[in-house]
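The values are calculated or read from the model by the stated rules, or taken from the named source; none is laboratory data. Quick caveat: nothing in here was measured; it's all calculated off a predicted structure. Positions of Cβ are backbone-derived with ideal geometry, glycine not excepted, and every protein chain shown enters the neighbour counts.
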Amino acid sequence: MQEKLPIQDIILKYLNEPEDPALIDQINQLRAASAENEAYFQSTKMLWDAAAETRRLEGVNVRNSAVNFKTQLTELSAVPARSRSLWPKIAAAVVLLAAGFWMYKEKVEVNYLVKQTGAQIDSVLLSDGTKVILAENSTVQYPDKFTGENRPITLVKGRGFFLVTKDPAHPFEISIGPSTVKVLGTSFNIDYSERKIDVSVKTGRVMFTPNQKSAPSILVAGDAVSYNLIKNQLTQENGINSNGWLTKELHFVDMPLDAVCRELSNYYNVKVILLDHMNTAKKLNAKFNNSSIDEVLTVLKETYPIQVQQKDSAIYIKNL
């Protein structure tokens with residue numbers, strides 16, 4: 001069961017991330033629950049706004065201020081209604097503490113590192129023990145250490161396989177263009193290109209949010225989805241070969257020829273075009289280990305009545 005956050009924690013999280021849809025819903029419910037909650041929210045927001053105006057103050061012990069600010073809020077919530085006349089005096093004192101809290105937030109420095117691969121697969125170990133394996137020509141950006149409630153990184157481009165260290169208190173978040181993936185501890189693959197984002201889960205489960213206006217989807221082991229960035233469309237996929245770039249293996253289980261061509265295009269990074277009039281009813285069952293595309297095409301020609309033609313860096317498959 002998820003632990004219920006104190007009221008002041010919810011309010012402070014919202015004030016720090018006022019555009020977060022989940023926090024907006026949560027704060028609206030809290031404010032509507034009682035008049036006391038609404039008054040408490042308005043008082044806290046007043047301090048927060050005042051702190052923003054006074055954050056240039058010098059000589060404040062910022063670390064103690066962050067703790068004291070929250071302590072003052074907790075003590076204030078316990079004050080009887082008839083004693084609330086003391087509020088102006090309390091507010092005047094806490095504004096300075098709030099200012100220190102702002103300054104503390106701003107002075108936290110995070111150094112971001114970038115890992116970029118060339119023609120070889122490479123990996124990087126993050127500060128929490130999470131391992132990121134990058135395919136060729138891929139880039140990931142990450143902090144030198146995780147300091148907040150979440151563990152955020154960014155897959156700038158390419159493919160990555162993520163072995164995430166389990167830490168339920170600090171969800172691991174990956175930004176991929178307009179999309180996000182949030183996990184607690186699992187292993188999964190992401191393929192990010194100009195046109196689409198593919199996510200497939202090997203173990204555990206992840207929450208994939210295509211964009212800020214979309215509802216999240218929960219993916220469990222064996223699930224795979226593809227988000228078309230051009231059409232803004234999410235589709236279910238067969239993720240059997242999603243980490244083939246890492247294992248150097250290709251598996252085809254009752255897969256129609258048109259789907260086989262798509263898998264080959266993704267794996268070998270070459271256009272494999274199946275002409276429209278082809279009959280693709282027959283399914284392919286095969287396994288390839290570190291095979292060249294020519295070896296795979298040879299098996300296809302032995303399985304289907306087809307001919308293969310290569311032209312302009314593309315491979316065309318048609319009937320005999």
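Things to note:
- Filtered by the rule that a residue be among the aromatic types (Phe, Trp, Tyr) and assigned to a loop (DSSP other than H, G, I, E, B), segment 168-227 gives no residues.
- Residue in segment 169-186 that is closer than 26 Å to ASN269 by Cβ, over 10 Å from the mean Cα position of the chain (by Cα), buried (at least 17 other Cβ atoms within 10 Å of the Cβ) and assigned by TED's automatic domain parsing to the domain that holds MET207 present: no
- LEU12 being in contact (Cβ under 8 Å) with a residue 40 or more places away in the chain and not assigned by TED's automatic domain parsing to the domain that holds ALA169: yes
- Those residues of segment 7-49 which are outside any loop (DSSP other than H, G, I, E, B) and of a type in the set (S, T, N, Q), in sequence order: GLN8, ASN16, GLN26, ASN28, GLN29, ASN37, GLN42, SER43, THR44
- When residues of segment 266-284 are limited to those that are among the charged types (D, E, K, R) and modelled with pLDDT under 90, the one surrounded by the fewest Cβ atoms within 10 Å (Cβ to Cβ): ASP276
- Only one entry in ILE190, ILE218 is surrounded by fewer than 16 Cβ atoms within 10 Å (Cβ to Cβ) and out of contact with any Pro (no Cβ under 9 Å at 6 or more places or on another chain), namely ILE218.
- Residues of segment 196-208 satisfying the condition of being buried (at least 18 other Cβ atoms within 10 Å of the Cβ) and polar (S, T, N, Q): SER200
- Inclusion of ASP312 among residues that are among the acidic types (Asp, Glu) and touching a Lys or Arg at 6+ places or on another chain (Cβ under 7 Å) is not warranted.
- Residue check, LYS287 in a loop (DSSP other than H, G, I, E, B), over 14 Å from ILE317 (Cβ atoms) and modelled with pLDDT of 90 or more: no
- Selected residue (criterion: surrounded by the fewest Cβ atoms within 10 Å (Cβ to Cβ)) from residues of segment 221-243 that are of a type in the set (Val, Ile, Thr) and over 15 Å from the mean Cα position of the chain (by Cα): ILE230
- Top-ranked residue in segment 218-242 [being among the polar types (S, T, N, Q) and at pLDDT below 90; ranked as farthest from SER291 (Cα to Cα)]: ASN238
- Counting only residues that are part of a loop (DSSP other than H, G, I, E, B) and over 24 Å from LYS248 (Cα atoms), segment 305-320 holds 3 of them.
- Residue list for segment 229-259, filter: on the phi < 0 side of the Ramachandran plot, in a loop (DSSP other than H, G, I, E, B) and of a type in the set (D, E, K, R): LYS231, GLU237
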